[in-house]
Amino acid sequence: MRCSAIRRSLPLTEVEHLVTHPSVAAKRHFVSLHHPDAQSFAGMPPANIGVYGPGIATFAETAACIEQLDAVVAVDSGVANLSAMLGKTTIVPLNLASEWRWGVEGDTSPWMANLKPLRQTLMGDWRSVIDEAVVFLS
């Protein structure tokens, strides 16, 4: 696994904090977009998150699922790009040394109006990023 892939991954505890936060859980229900083979590897919070019923095996099926959602929260990945390009509100938690394509500063994207980058200010500090996502989704 590339080092950059490790840095952009959210710890499961942070995902759980986001999806079960009372102010978010009262308004939002989350759907996992993981491929079935990756689901057990990635882990899943015990509450307020479901699996897309037909299952997702292809990128086209990922797009079909995204089309049915109100918004997407995804790390720096193909899913985040796909969601933003489909016009969905897309929240992207970014590590301190994130990919330049998301822009290098600020809370907007220079290329995608519906993209909300949430940036670490301290390497490895995902809690502050997730707290921003909580405020945005509440």
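The values are calculated or read from the model by the stated rules, or taken from the named source; none is laboratory data. Just so you know, these numbers come straight off a predicted model, no measurement behind them. As a convention, Cβ positions derive from the backbone with ideal geometry for all residues, glycine included, and neighbour counts pool all protein chains shown.
Can you find a residue that is modelled with pLDDT of 85 or more, closer than 19 Å to residue 137 by Cβ, touching a strand residue (DSSP E or B) at 6+ places or on another chain (Cβ under 6 Å) and hydroxyl-bearing (Ser, Thr, Tyr) anywhere in region 21-29? Working first, answer last.
From region 21-29, those modelled with pLDDT of 85 or more are 21-29; that's our starting set.
From the residues that got through so far, the ones that are closer than 19 Å to residue 137 by Cβ too are 21-29.
Next cut, touching a strand residue (DSSP E or B) at 6+ places or on another chain (Cβ under 6 Å) only: none.
No, that holds for no residue.
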key: Counted residues, region 31-49 - those being surrounded by 12 or more Cβ atoms within 10 Å (Cβ to Cβ) and either touching a Leu at 6+ places or on another chain (Cβ under 8 Å) or under 19 Å from residue 17 (Cα atoms) (or both)   = 11
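The rows are residues; the columns are (1) more than 18 Å from residue 15 (Cα to Cα); (2) at pLDDT below 95; (3) of a type in the set (A, V, I, L, M).
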| site | (1), (2), (3) |
| --- | --- |
| 78 | yes, yes, no |
| 99 | yes, yes, no |
| 102 | yes, yes, no |
| 112 | yes, yes, yes |
| 130 | no, no, yes |
| 133 | no, no, yes |
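Taking the options 106, 53, name whichever one is part of a loop (DSSP other than H, G, I, E, B) and farther than 23 Å from residue 14 by Cα. Reasoning before the result, please.
Working: 106 fails: farther than 23 Å from residue 14 by Cα.
None of the other options fit; the residue is 53.
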key: Selection from region 30-50 of residues that are at pLDDT below 90, in a loop (DSSP other than H, G, I, E, B) and of a type outside the set (Gly, Ala, Ser)   = 33, 34, 35, 44, 45, 46
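Step by step: first the residues of region 14-29, then only those that are part of a helix (DSSP H, G or I) and more than 14 Å from the chain's Cα centre (by Cα), then the one that is surrounded by the most Cβ atoms within 10 Å (Cβ to Cβ). Which residue is that?
Out of the qualifying residues, it is 24.
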request  = Please name all residue pairs, on different chains or six or more residues apart, with Cβ atoms under 6 Å, provided the first residue is in region 20-40 and is touching a residue at least 60 places away in the same chain (Cβ under 8 Å) and the second residue is part of a loop (DSSP other than H, G, I, E, B) and surrounded by 11 or more Cβ atoms within 10 Å (Cβ to Cβ).
outcome  = 23/138; 24/138
message = Can you tell me which condition residue 61 does not meet? The list is (1) within 19 Å of residue 12 (Cβ to Cβ); (2) surrounded by fewer than 19 Cβ atoms within 10 Å (Cβ to Cβ); (3) touching a Gly at 6+ places or on another chain (Cβ under 8 Å), and all the others hold.
response = (1)
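Check region 78-88 and report whether any residue there is small (Gly, Ala, Ser), surrounded by fewer than 18 Cβ atoms within 10 Å (Cβ to Cβ) and not in a loop (DSSP other than H, G, I, E, B).
yes
Considering region 92-101 alone, what residues qualify as being surrounded by 17 or more Cβ atoms within 10 Å (Cβ to Cβ) and either of a type outside the set (A, V, I, L, M, F, W, C) or touching a Leu at 6+ places or on another chain (Cβ under 6 Å) (or both)?
Filtering region 92-101 down to residues surrounded by 17 or more Cβ atoms within 10 Å (Cβ to Cβ) leaves 92-95, 98.
Hits for region 92-101 are 93, 95, 98.
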